[in-house]
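Read-outs throughout are calculated quantities, based only on the coordinates presented, and are distinct from any laboratory measurement. Keep in mind that what you see is a predicted model, and the values were worked out from it rather than measured. Here the Cβ positions follow ideal geometry from the backbone for every residue, glycine too, while neighbour counts run over all protein chains shown.
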Amino acid sequence: MAIAQSSKRRRLSPPDSEIVKPSRSYANEEWDAEQDYELRPRKLGKKEKEQTRLPIKTDEGLQRVEEPVQEPEDSDSFLGTDDDEGEDGEGQWDGMSEDEEEEKEEVPKIPLKVQIIQAKEELAKLATLINEDPDEHIGSFKVMAEMVEKGSHVTIKKLALAAQVAVFKDVIPGYRIRALLEDDNSTKLSKEVRKIRKFEQTLLNAYKHFVQTLQELTKPTKKDQEAVDPTLKSVALNCTCNLLLAVPHFNYRNELLKIIVNRLAKRQIDADFDKCRETMEDVFHKDEDGVVSLEAVRLLSKMMRAKEYRIHDTVLDTFLHLRLLSEFSSKASRDRVDRPEDDAPQGKKKHKKEFRTKRERKVEKERKAVEKDMKEADALVSHEAREKNQAETLKLVFGNYFRILKLRIPSLMGPVLEGLAKYAHLINQDFFGDLLEALKDLIGHADRSEDEDLENEQEQENPEETPSKTRDSYREALLCIVTAFALLSGQDASKAAATLHLDLSFFIKHLYRSLYTYSTNPDIEYNPTKSLRLPDPDSREATNQNDSHRRSKNKVNFQTPTVLLLRCLQSTLISRAHGNPPPNRLAGFTKRLMTTSLQVPEKSAIATLALLSQVARHNARRVSALWHSEERKGDGVFNAFATDIEATNVFAGNIWEGELLRLHYCPQVREAVVEIEKMVMQK
């Protein structure tokens, strides 16, 4: 049988025998010890320590038990730590400060190499997330930006900048993003459109912040500001150049161009300067619609005027990479552009209407609509818009060239004259007269400066002093002559003969008068930088050893005096654009060039005789009298030092220099002389 469980009752009060009577009587007091304890405040004072022991119940009621104070153990140290503690507790305060220092020292210091590796991994992770799903992880750009601003080391900042450029190049769309206005936020949009708009605005804000960071890193530091690390500034310039070349259509393009133009404004030539200059040349070469080129030329022109054209000459050479040199067909000057007659606006022409059925008109209308959509989808460049942009760019370029010609800046005359020669086919014919007068003034000014230099050299007492002028009068004169001939050669021959009445005799006379001087020039086969020579250790060329290497890549204003002289002679003696030269001119130049061939170096002599062989091939009958004394046509005496061709009386002499050139040490020179004489004898 199961045992029945008895109900358990609670004992309410102990029996009388077990009650312990207190020794003190509380008969007249109504007092409840537990209730009194409950009503006591439990908030501890600031200086009161927290109690960790529970109260105990005694005959007198509930009482707190104080924690025993642990007395310091006897120390065996000889320093006497017990005696170091003062009455005011200084020893206890010192112990707390030591604990805090120990806690700070316990923080582990990560080596720099480990920090760089961690930064690389973090940047790679962020870049992967953005490339995989840009819509969801577009906020990772903020983390990269913080690594640039709060990076603990310069290397980490460089890595963050390079990573942002790489990701931006992948994420940026092929169109510009329009910033939202207040009215755009109130319009109702679908979920997909709202998502795309949010992504675009977030991307635009991140890109704007990144461009501002590049501006802060590349701008010149003031005295009060902390200097930016040079290597970090170089990385920022490289990032700017890469972004401008990769996404020139995107927003904040003008800010990127300003960074590059500000670096080109400095005359300090280094790798950063070359990088910015090459970037500008690539932008000009790849620009199809002309918008980016127009903005860049405007900024360059503004910078040049602000600096009063105290710039490096290679900055002007960038204008020769504009696509309008080969694409633009109109004529222009510094203030206007002349359109060809075919492009001139005309009235409405009456076309004979063709009969079309209703169905054919409908099909034609649909076809035009489809072509319009396809044109917009392919983003084809408008021909009219491109010509308009190129015309404005051309006016800015000519404006800079003509201002420099007016100011006569010595270091920039070469690039300007070379640029005018390249743009000769685009110069307005009405402007030719003023331009040729300016070139004549430059030649006269160069001759005067040459005479002044000779006088200064004679009056110079200290032979170790070097002249402060860097102007090359011979080179400027040759460039002026080349530009003058190129202006006329670039025009249509039929129009030039009918409308232009230009007299180039001044340039021809100057060229004839200067042949002897050029033949005695020791630097006739060296370019302006003299890159074919070893630099003098005591000169400035020794400090800029890479300058010749950089300039050798650029063919603008790099020709030697021999090359420039041959270009002038070819335009004077062989070119048909200026008509057939008279016999006196051909004979006078032939006689003087044979004389100069005895003085110039080997390569220049070979090039000069090659030019004379072309003259003999086309005009052998006109100059054959110089080789045959029996056919002498002139009377009197030959004047070899006459400054004018007509006063030379060239047919009164003969070419005796051929006999000396037959004995030249170079076999190519000897063969060239024999070849010229054969052609003359045959005719």
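Things to note:
- Counting beta carbons within 10 Å around each of Ser301, Ser604 and listing the fewest first gives the order Ser301, Ser604.
- Summed side-chain charge close to Ala166 - residues other than Ala166 whose Cβ falls under 15 Å, Lys, Arg +1, Asp, Glu -1: +1
- Neighbours of Val297 by Cβ distance under 11 Å: Lys/Arg scored +1, Asp/Glu scored -1, total 0.
- As a rough footprinting exposure proxy, the listed residues Thr590, Thr517, Thr595, Thr58 were ranked by other beta carbons within 10 Å of their own, and the order from fewest upward is Thr58, Thr517, Thr595, Thr590.
- Which of Met280, Met594 has the fewest Cβ neighbours within 10 Å, and the rest in rising order: Met594, Met280
- A simple count of charges around Asn238, restricted to other residues whose Cβ falls under 9 Å of its Cβ and scoring Lys, Arg +1 and Asp, Glu -1, yields 0.
- Per residue, the convex hull spanned by the alpha carbons of the stretch 109-234 comes to 150 Å³.
- Subset of Lys198/Lys266; Lys258/Lys406; Lys125/Lys195; Lys113/Lys195; Lys198/Lys219 violating a 30 Å alpha-carbon distance limit: Lys198/Lys266; Lys113/Lys195; Lys198/Lys219
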